[in-house]
Amino acid sequence: LAAIELRGVTRVYRDRPALGPIDLVIPAGEFLTVVGPSGCGKSTLLSLVAGFAPPTAGTVLADGAPVSGPGPSRGVVFQQPRLFPWLSVSGNIAFGLRRSPKAARKERVAELLAMTGLEGAARLKPYELSGGMRQRAAIARALAPRPKVLLMDEPFGALDAFTRERMQEEIRELWRDTGVTVLFITHDVTEATTLGTRVIALAGPPGRITLDARVGGDLREK
Ligand code: ADP
Ligand code: ADP
């Protein structure tokens, strides 16, 4: 069963086609990168999969069911981490676990702090963190409810080259260890081909798939 499927999906903003039609099947467990120049429709594609906006035409399916809004099965990470500034790192990570029993929440937060190397930063507020730490916290927050799909929109675009490279390695490890399906947007071709198991290129607007290629072998084997 596909984790995500788009069937004849288009998106129009006030008479202006921004995307599509797009047909795309993302099998569970894939690390799909989407590459293309600014304005070609990458963020629009991600917002439709996230459920932030409905398609103008066509259907977006997650786990076989139509997407009708954002949900805990699809975690999202943006270029700007958008952490809650009044909450600690722990509080941010715990945000999607508000309904879990306290003990389970505490255990899950500890697990995510360890997974993202933020054990020492649990009590810090976002303004006290480096850019890389903020992005780790945002990733941990997105993963907390155990989403099946992690949607990332240029997540490392604002980081310095050194931090970006480290984060790239970390996200690959995290993908390998958790089995989460990843949809990763970037305008950087090198990032797209080194990170993904599959790359699609978009050109537009309106964004159309101009290339769909398997790359890098199965990184899970490494
Ligand atoms: P990318 O992420 O590849 O830079 P976007 O998906 O943001 O591309 O944008 C695709 C096209 O849709 C662009 O032409 C952009 O100007 C337009 N667009 C994006 N969001 C909106 C919006 N909210 N209202 C009107 N036009 C938009
Ligand atoms: P302690 O319980 O040792 O004081 P924390 O302040 O890190 O440590 O929080 C403990 C646990 O409570 C965290 O692991 C997390 O599960 C949860 N938590 C922390 N802040 C919040 C918050 N603002 N909203 C919901 N849960 C939170």
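Checking each residue in the range 130-143 for being surrounded by 15 or more Cβ atoms within 10 Å (Cβ to Cβ) and more than 13 Å from the chain's Cα centre (by Cα) picks out Gly131, Gly132, Met133, Arg134, Ala137.
Scanning the range 10-40 for residues being over 22 Å from Thr197 (Cβ atoms) and either part of a helix (DSSP H, G or I) or open to solvent by less than 20 Å² (accessible area, probe 1.4 Å) (or both) gives a total of 3.
To keep it simple, each residue is scored yes or no on (1) under 30 Å from Ser90 (Cα atoms); (2) surrounded by 16 or more Cβ atoms within 10 Å (Cβ to Cβ); (3) at pLDDT below 95.
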residue	(1), (2), (3)
Leu151	yes, yes, no
Asp160	yes, no, yes
Glu170	yes, yes, yes
Asp177	yes, no, yes
Thr186	yes, yes, no
Ala203	no, no, no
Gly207	no, yes, no
Gly216	no, yes, yes
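No other residue among Leu113, Leu151 is within 28 Å of Leu6 (Cβ to Cβ) and of a type outside the set (Phe, Trp, Tyr) apart from Leu151. In the range 76-129, the qualifying residues are those that are surrounded by 19 or more Cβ atoms within 10 Å (Cβ to Cβ) and among the small types (Gly, Ala, Ser), and the one that is nearest to ligand 1 (Cβ to nearest atom) is Gly96. Within the range 41-77, the residues that satisfy the criterion of being touching a residue at least 24 places away in the same chain (Cβ under 8 Å), farther than 23 Å from Pro17 by Cα and not in a loop (DSSP other than H, G, I, E, B) are Ala62, Arg74, Gly75, Val76, Val77. What pairs can you find where one residue is in the range 140-163 and in contact (Cβ under 8 Å) with a residue 12 or more places away in the chain and on the phi > 0 side of the Ramachandran plot, the other is open to solvent by less than 10 Å² (accessible area, probe 1.4 Å) and polar (S, T, N, Q), and their Cβ atoms are less than 9 Å apart, with a gap of 6+ or different chains? Close Cβ pairs satisfying both conditions: Glu154/Thr186.
The values are calculated or read from the model by the stated rules, or taken from the named source; none is laboratory data. As the structure is a computational prediction, the values presented were derived from the model and not from experiment. All Cβ positions, even for glycine, are placed from backbone atoms using ideal geometry, and neighbour counts span all protein chains on display. For the accessible areas, the whole protein counts, side chains as well, though only heavy atoms, and no ligand, DNA or RNA atoms are used. Shrake-Rupley method; radii C 1.70, N 1.55, O 1.52, S 1.80 Å.
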